[in-house]
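Enquirer: What follows is a single structure, and I will ask about it in a moment.
The values are calculated or read from the model by the stated rules, or taken from the named source; none is laboratory data. All of these numbers come straight from a predicted model, not from anything done at the bench. Backbone-built Cβ (ideal geometry, glycine too); neighbour counts: all protein chains shown. Heads up: the accessible areas ignore ligands, DNA and RNA and are worked out on the full protein's heavy atoms, side chains in. Shrake-Rupley method; radii C 1.70, N 1.55, O 1.52, S 1.80 Å.
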Amino acid sequence: MMSQMPQPTALSRCPSCEEPLEAGDRFCGACGFDLSAVPAPPEDHPTITMNGGAAPAPAAATSASVDWPLAPEPTSSGTPVHRATDIQGTDSGGSELPHGTEHGNGSAHGHDDVRENGGALGHPEPAGARPPAVRPAGVRFDRPPEPDEYPLAPPAGAPAAHLADPRTADLGTPPAGTKLCVACRSGHVDGDGYCENCGHAQPRERDHMEQELTSVAAVSDRGLRHHRNEDAFAISSTALPDGSPAVVAIVCDGVSSATRPDEASLAASHAAAEALLAALPLGTHPQQAMHEAIVAAAEAVNSLAGTPPADDEHTPHQNAPACTLVGAVVTPALLIVGWVGDSRAYWVPLDRSSPPARLTEDDSWAAQMVAAGLMSEAQAYADERAHAITGWLGADAYELEPHTASFKPDRPGVVVVCTDGLWNYAEAAEEMAQVVPLDAAERPLHSARVMVGHALDGGGHDNVTVAVVPFPAPSQGAGSA
């Protein structure tokens, strides 16, 4: 007869050290982590992508309007610009984009970006129940505490050096450029990312990234639930032909159900930033330059579909790498945004008596349903398909439709460029404005850290990336970075 003893949580890897596990393991063989103590993951609302026809036009904006003056028509490319009360831009077909809407359903949904594209969907791991604490009969709990360690006696005649703790042993001066272990701080790290002395797995370089320039800063974090960071960002600045500065921020979110999403986001962010830095100094209007940058990013992600994985991992299912993208270009007079997918850009004025605004409209199932009048916002965002994205960068994308919009703010503020790992915890523009520190324009890096911390405090169910760009761009200190 089978035992009815509580079974440990079914996991494929140790939540503590990422070591592969076998069925029935109660403790990790590498680090000793108690697998029965792993809590059940929270209810997840994954974002899936949908291939199909062109998305219907979203409905008119319902958020508080921002009374910005109309920006002047560009003279170089002929691309129109718009007020924030009419959030529109140009797509790849030359047609106008729809108004933006606020989705403040009051709930934060932790989810992964996954898509349905003929392959397997990403699903959360089954929840494992921790057995309740039961005091067995006949066991005393008032005995003296036992020591944490039981030191073994050295072999007879063994030299004293054998008694040294290998984690703190003097291993000599490492060669220049050698990476040391973050745990024992003395062992060398091998090519697989493990300490040769104590065996501790080292944190990945992309688990937490920060960068700050004079007029922009960005922070990216793996979060508390993901085993790796699939987000990426690129920030920089350059000078326009008249010598005025232009600040660039690109944020990308890898689609988790795709193969190598981390490579896709990294390639897209770098390609878009490089395209903008090449086009802006030549006099290309920033909105046109943003459109071309998104196209360049898409080509960079598409090129990954024909290359093997960098680590030669063999998986039973391979599909095209994919990611979302959102970017901003800030000059002394103009604010330009561009996007594909559900990563977002927000406007937060320094004077908090003025209304904030969301500057992008998601390429998502929920946005389509609301725009078509088939569901209310509450109904659409309560549906399990709410976060299914309908637009992304990747070789298997149905059609590339870059969205761009240009604004001329009449007051100072900051632009928040972020992935859904942040806006899931501050969805409406008013909620995002409450998270942004009052001194964000003077301390963009501090502000980005605060916002990432807000997402982690909320549960950190997804990778979190945010860039903070003050407006207007400073007139001094411009230069390529």
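Enquirer: Starting from region 406-423, keep only residues that are farther than 11 Å from V337 by Cβ and in contact (Cβ under 8 Å) with a residue 60 or more places away in the chain, then list their pairs with residues that are open to solvent by 10 Å² or more (accessible area, probe 1.4 Å) and of a type in the set (S, T, Y) whose Cβ atoms are within a distance under 9 Å, requiring at least 6 positions of separation or different chains.
Expert: As it stands, the answer is R411/S354; G413/S354, since those pairs meet every condition given.
Enquirer: Any idea which residue in region 299-311 is surrounded by the most Cβ atoms within 10 Å (Cβ to Cβ), counting only those that are part of a helix (DSSP H, G or I) and in contact with a Gly (Cβ under 8 Å, 6 or more places away or on another chain)?
Expert: Of region 299-311, the ones part of a helix (DSSP H, G or I) are 299-304.
Subsequent filtering for residues that are in contact with a Gly (Cβ under 8 Å, 6 or more places away or on another chain) retains 301-302.
Values: V301: 31, N302: 20.
Only one residue fits best here, namely V301.
Enquirer: Can I ask one more? Given (1) open to solvent by 10 Å² or more (accessible area, probe 1.4 Å); (2) within 20 Å of G254 (Cβ to Cβ); (3) not β-branched (V, I, T), where does E442 come up short, assuming only one miss?
Expert: That leaves (2) as the condition not met.
Enquirer: Within region 401-424, take every residue that is modelled with pLDDT of 95 or more and of a type in the set (S, T, N, Q) and give me the one that is farthest from D439 (Cα to Cα).
Expert: T404
Enquirer: Please verify whether region 416-429 includes one or more residues that are in a helix (DSSP H, G or I) and either of a type in the set (F, W, Y) or surrounded by fewer than 18 Cβ atoms within 10 Å (Cβ to Cβ) (or both).
Expert: Filtering region 416-429 down to residues in a helix (DSSP H, G or I) leaves 420-423, 429.
The next check asks that each one be either of a type in the set (F, W, Y) or surrounded by fewer than 18 Cβ atoms within 10 Å (Cβ to Cβ) (or both); those that pass are 423.
Checked against the condition, which is being in a helix (DSSP H, G or I) and either of a type in the set (F, W, Y) or surrounded by fewer than 18 Cβ atoms within 10 Å (Cβ to Cβ) (or both), region 416-429 yields at least one hit.
Enquirer: Right, another one. If you go through region 261-288 one residue at a time, how many are touching a helix residue (DSSP H, G or I) at 6+ places or on another chain (Cβ under 7 Å) and small (G, A, S)?
Expert: 7
Enquirer: Of everything in region 239-250, what is part of a strand (DSSP E or B) and open to solvent by 10 Å² or more (accessible area, probe 1.4 Å)? Give them in sequence order.
Expert: Hit for region 239-250 is A239, nothing else.
Residues checked against (1) touching a Gly at 6+ places or on another chain (Cβ under 6 Å); (2) part of a loop (DSSP other than H, G, I, E, B); (3) closer than 17 Å to T404 by Cβ:
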position: E210; (1), (2), (3): no, no, no
position: G223; (1), (2), (3): yes, yes, no
position: R228; (1), (2), (3): no, yes, no
position: I235; (1), (2), (3): no, no, no
position: T259; (1), (2), (3): no, yes, no
position: Q288; (1), (2), (3): no, no, yes
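Enquirer: Going by the conditions given, is V189 surrounded by fewer than 24 Cβ atoms within 10 Å (Cβ to Cβ), farther than 28 Å from H454 by Cβ, of a type in the set (V, I, T) and at pLDDT below 95?
Expert: yes
Enquirer: Moving to a separate point now. In this structure, does D383 turn out to be open to solvent by 10 Å² or more (accessible area, probe 1.4 Å), modelled with pLDDT under 95 and within 28 Å of L213 (Cβ to Cβ)? Working first, answer last.
Expert: Working: open to solvent by 10 Å² or more (accessible area, probe 1.4 Å): yes; modelled with pLDDT under 95: yes; within 28 Å of L213 (Cβ to Cβ): no.
Considered against the rule, which asks whether it is open to solvent by 10 Å² or more (accessible area, probe 1.4 Å), modelled with pLDDT under 95 and within 28 Å of L213 (Cβ to Cβ), D383 comes out as no.
Results for (1) under 26 Å from A305 (Cβ atoms); (2) open to solvent by less than 30 Å² (accessible area, probe 1.4 Å), shown as yes or no for each residue.
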| site | (1), (2) |
| --- | --- |
| G223 | no, yes |
| V255 | yes, yes |
| R260 | yes, yes |
| A271 | yes, yes |
| L277 | yes, no |
| Q288 | no, no |
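Enquirer: Here's another thing I want to ask about it. Looking at S265, S236, which one is at pLDDT 95 or above, among the polar types (S, T, N, Q) and buried (at least 20 other Cβ atoms within 10 Å of the Cβ)?
Expert: Within the list S265, S236, the selection yields S265.
Enquirer: Go through (1) open to solvent by 30 Å² or more (accessible area, probe 1.4 Å); (2) touching a residue at least 60 places away in the same chain (Cβ under 8 Å); (3) aliphatic (A, V, I, L, M); (4) over 24 Å from P245 (Cβ atoms) for M369 and report which single condition fails.
Expert: It is condition (2) that M369 fails.
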